[in-house]
Amino acid sequence: MDVYRALNADVPRLLFTVLHQSGPMFAEEDFTRTVTALHQDIRQQAQEVGEELQQWLQQQSLQEAEEAARKLQRLGLLAETASVEAVQQALERDFRRFAGRVGSETLLGIQGSGEEVFSEVVPRDADLAKRVVDGREYMASLGFKPGQGPLHEAWLLFRGSVHYDVMEHVVRDRMGIYRGSRGAHIENVGRTSFGTYNLVYQLGESLTADLADESLAQEVTFAFSKGPFHYSDFRRDVAGLMEQIGEQSDLLHISFWQRKLGLGTGKEFVLRLRLSEGEDALREAIAVIADAGRVGKETLIKRGKMLLGRRVL
């Protein structure tokens, strides 16, 4: 049964992230190539899983309709002039509609995926440079080695927690851990860290929107903790801050994520922005956030950890 509909609850939009870094001797181009192949295989497998589910539901509905029609006929509950075939077709349509209402087929399917590579360039601006260094120290606290091999973050966006089981089946059973693109990627990875986040609020295009050719956008991530706030108040304040940023900055995307309970490491909250490239756009966004009240100035800008990167997929 669809537990979300039964409880009158929103279906959560989840972001599954994988921080992964290659060894220092592995070239960025080669690392990106293996990552791209892995993404393509995951997308293909997810599409095939969705198609298989549709076929299975169609087959089940057909079988149940045939059995129900025969039972009605045996019990003499059909008029002599009734067409058993027509009854069967009507029952099949109703069973398919029922399966769509109480099942989870509408939740399956990856909503999008992407790959970000974190920048190793230190900005010329002294304040931005300090923030980048602080962000690298934060990554080091998670076990990574900034500057010693390409550091990436993979994104898989989906609806509903049922995808945990589906994606585990795809990666472990259908693709295999040590073969194909998955095996090739594992050979080149030195460190990984996994996380799962619920989407709290979003403005602009999707985080995993199709990457434009020769995109000049930069990805900006603030990782931060809640501090002495109640959760509901804090989420509302950050959402309000995002509205101000959206009105005063030329943003392509901004989203606010909260780590799912017990799943992942590092800071509990993440704010993701997509801006035009360049230090000017970054300074402007930071200034707007700092001017947007206590949460922006203290929680995000003063104590948050900033990471810079660019989409490669």
Check: Does Gly296 qualify as being part of a loop (DSSP other than H, G, I, E, B) and either more than 30 Å from Asp30 (Cβ to Cβ) or among the polar types (S, T, N, Q) (or both)?
Finding: no
Next item on the list: Just name the residue that is most open to solvent (accessible area, probe 1.4 Å) out of those in the stretch 136-170 that are assigned to a loop (DSSP other than H, G, I, E, B) and among the small types (Gly, Ala, Ser).
Entry: Gly147
Check: List pairs: first in the stretch 197-217 and among the charged types (D, E, K, R), second modelled with pLDDT under 95 and open to solvent by 60 Å² or more (accessible area, probe 1.4 Å), Cβ under 9 Å, 6+ apart or cross-chain?
Finding: Glu205/Leu252
Next item on the list: Looking for whichever is within 20 Å of the chain's Cα centre (by Cα) and of a type in the set (Ser, Thr, Tyr) here; the options are Ser232, Ser206. Which one fits?
Entry: Ser206
Note to self: Going residue by residue through the stretch 30-41, is there one that turns out to be aromatic (Phe, Trp, Tyr) and at pLDDT below 85?
What the structure shows: yes
Note to self: Could you tell me how many of the residues in the stretch 211-232 are open to solvent by 70 Å² or more (accessible area, probe 1.4 Å), assigned to a loop (DSSP other than H, G, I, E, B) and on the phi < 0 side of the Ramachandran plot?
What the structure shows: 4
Next item on the list: Among the residues of the stretch 117-144, count how many are free of Cβ contacts under 8 Å to residues at least 60 places away in the same chain and of a type in the set (Lys, Arg).
Entry: 2
Notebook entry, point to check: When the stretch 233-272 is examined, which residues are found to be in a helix (DSSP H, G or I), over 20 Å from Leu14 (Cβ atoms) and open to solvent by 60 Å² or more (accessible area, probe 1.4 Å)?
Noted result: Arg236, Asp237, Glu243, Gln244, Glu247, Gln248
Check: When you scan the stretch 95-119, how many residues do you find that are over 24 Å from the mean Cα position of the chain (by Cα) and either at pLDDT 85 or above or among the β-branched types (Val, Ile, Thr) (or both)?
Finding: 5
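The values are calculated or read from the model by the stated rules, or taken from the named source; none is laboratory data. No experiment lies behind these values; they were computed from the predicted model shown. Here Cβ is always computed from backbone atoms with ideal geometry, including for glycine, and neighbour counts include all displayed protein chains. These area figures cover heavy atoms from the full protein model, side chains too; ligands, DNA and RNA do not enter into them. Shrake-Rupley method; radii C 1.70, N 1.55, O 1.52, S 1.80 Å.
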